[in-house]
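I have placed the structure first, in the form of structure tokens, so that the comments after it can refer back to it.
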Amino acid sequence: MASDGCKLRVRLCDGLATLTFKGRRAGLSREEVELPLDLAQAQRLLDHHCDGRILSKSRHLVPQGELTWEIDEYDTPLNGIVLAEIELPDVDHSVHLPHWIGDEVTGDPRWSKLKMLEMNRLSD
């Protein structure tokens, strides 16, 4: 669920559930708070409030020095889309981009999850 640049996300992974709040983007960064959520409550939220906007993905963790890349490989309906992300300790932290990184899409609205879902529905 997104509103005015903020996002609220329910995540199920390995039998655990979390509720994540992501604040508005300020440049390349945004505040993020993640809280544990009861599994039954999480499933209820997904079933009754997501209007079919549920994504499934596999996440692969790739360490690079003291940082870790998160590589997300999406399943249906975004099958074939792969995005890489790295959490930096601060906005001025420098990072070496591995050779396998493609174009920078941070902040590009075409790569938001909602926009990708919308484009996928239009192509069906």
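Quick note: the coordinates plus some simple rules give every number you see, no bench work behind them. Everything numeric here is computed off the predicted structure, so don't read it as measured data. Here the Cβ positions follow ideal geometry from the backbone for every residue, glycine too, while neighbour counts run over all protein chains shown.
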* Taking only the alpha-carbon positions of region 1-63 and ignoring solvent, what does the Debye formula give for the base-10 log of I(q)/I(0) at q = 0.15 Å⁻¹? -> -0.54
* To do: Go ahead and collect, in residue order, the members of region 93-110 whose backbone nitrogen is under 11 Å from a label point 7 Å along the Cα-Cβ direction of Glu32.
  => none
* Give me the angle, in degrees from 0 to 90, between the Cα long axis of helix 113-123 and the longest principal axis of the Cα atoms of the chain, rounded to the nearest 10. => 70 degrees
* Asked: Sorting Leu117, Leu78, Leu88, Leu35 on the 10 Å Cβ count, fewest up front, what's the list?
  -> Leu35, Leu88, Leu117, Leu78
* Structure fact -> Per GNM of the chain with C-alpha springs under 10 angstrom, the most fluctuating residue out of Arg59, Arg30, Arg11 is Arg30
* Hey, what number do you get for the chain at 222 nm if only DSSP H runs of n ≥ 4 count, each worth -39500 (n - 2.57), divided across all residues, to the nearest 500? -> -5500 deg cm²/dmol
* **Label assignment, Cα extents along the principal axes in Å derived from the structure, set [x] 54, 27, 26; [y] 42, 36, 30; [z] 62, 32, 18** => [y]
* Scan region 27-124 for GluC sites (Glu not before Pro) in coil per DSSP, keeping those whose Cβ has at most 12 other Cβ atoms within 10 Å, and list them by number. => Glu31, Glu66, Glu87, Glu104
* Asked: Within straight cross-link reach of Lys115, meaning Cα distance under 16 Å, which lysines are found once same-chain residues fewer than 8 apart are removed?
  -> Lys7
* Which residue, Ala42, Ala26, Ala84, tops the fluctuation ranking in a GNM of the chain built on C-alpha contacts under 10 Å? -> Ala26
* Structure fact -> Rounded to the nearest 10, the angle in degrees between the Cα long axis of helix 39-49 and the longest principal axis of the Cα atoms of the chain comes to 80 degrees
